[in-house]
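A quick write-up on the structure given underneath.
What follows is calculated from the coordinates using simple rules that are stated; it is not laboratory data. Since we're looking at a predicted model, the values are computed, not measured. Note that each Cβ is placed from the backbone with ideal geometry, even for glycine, and that neighbours are counted across all protein chains shown.
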Amino acid sequence: MTLLSIIPDLLTETSGSTAALIARVVSGAVILPYGLQKLGFAGGVGIQATLQDFKRRKLPVLIAWLVILSQSLGSIALITGFLSRIAAAGAIIIFWGAIVVHSPEGWTMNWYNRKKGEGVEYFVLLLALLLIALLDGGGRWSIDQLLTAAK
């Protein structure tokens, strides 16, 4: 039994499209700084402060850890195209939650500091990219494509 034999085809199968490549790399690159900040890099507050923030918002610690892992490791998985569908699914859940949280602020971002927070337009665009990765897989130049070809 090899590692390739235990990864289901559905998780690594990809069309090899350029659109999927662009969608996964761009979404991974957009999400990565958020993950790094939660780990204490890129001017971020770090894991303990992130966990405290989730606790203050009355969200379970398990959810906090899933967000930290998805935004840090999941974004790297998207960039490299490794188990792209799983990484995209995790990020979709997170950013769907962001839409729910930010929906009271409307559609547009807070360009002129006239609202308490940001609107949802950014998250909708990110979700569109993540949906491409979820539906089409890793695409061209992905580890998923290499794994699929090796089977």
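Could you tell me which helices of the chain pass both thresholds, a Cα extent of 20 Å or more along their own axis and a mean Kyte-Doolittle hydropathy of at least -1.0, with helices taken as whole DSSP H runs? If you can, show how the numbers build up before the last one.
Details: long enough: 18-38 (30 Å, 1.10); 84-102 (26 Å, 1.71); 121-136 (23 Å, 2.32).
Counting only whole DSSP H runs, the qualifying helices are 18-38, 84-102, 121-136.
Would you mind calculating the relative contact order of the stretch 10-150 from Cα pairs under 8 angstrom and at least 6 residues apart, reporting the percent as a whole number? Intermediate values should be presented prior to the final figure.
Working: 238 pairs, mean separation 53.7, N = 141.
Reported relative contact order: 38 percent.
Name the residue farthest towards the positive end of the dipole of the stretch 10-150 from the options Ala87, His102, Leu127, assuming +1 on Cβ of Lys and Arg, -1 on Cβ of Asp and Glu, about the Cα centre.
Result: His102, furthest along the dipole toward the positive end.
Using Cβ counts within 10 Å as a stand-in for footprinting exposure, how do Asp144, Asp136 rank, fewest first? Before the final figure, lay out each step's value.
Values: Asp144 27, Asp136 21.
Ranking Asp144, Asp136 by Cβ neighbours within 10 Å, fewest first, gives Asp136, Asp144.
Assuming R0 = 35 Å, can you tell me the calculated FRET efficiency for the pair Asp53 and Ile143, based on Cβ-Cβ distance, to the nearest 0.05? Show your work: numbers first, answer last.
Working: r = 32 Å, r/R0 = 0.93.
So, using R0 = 35 Å, E works out to roughly 0.60.
How many angstrom lie between the Cα centre of the stretch 106-151 and the Cα centre of the stretch 13-86?
Value for the Cα centre distance between the two parts: 11 Å.
Can you list, largest first and rounded to whole Å, the semi-axes you get for the chain by taking the square root of 5 times each eigenvalue of its Cα gyration tensor?
Values: eigenvalues 178, 67, 31 Å².
Working through the eigenvalues yields semi-axes of 30, 18, 12 Å.
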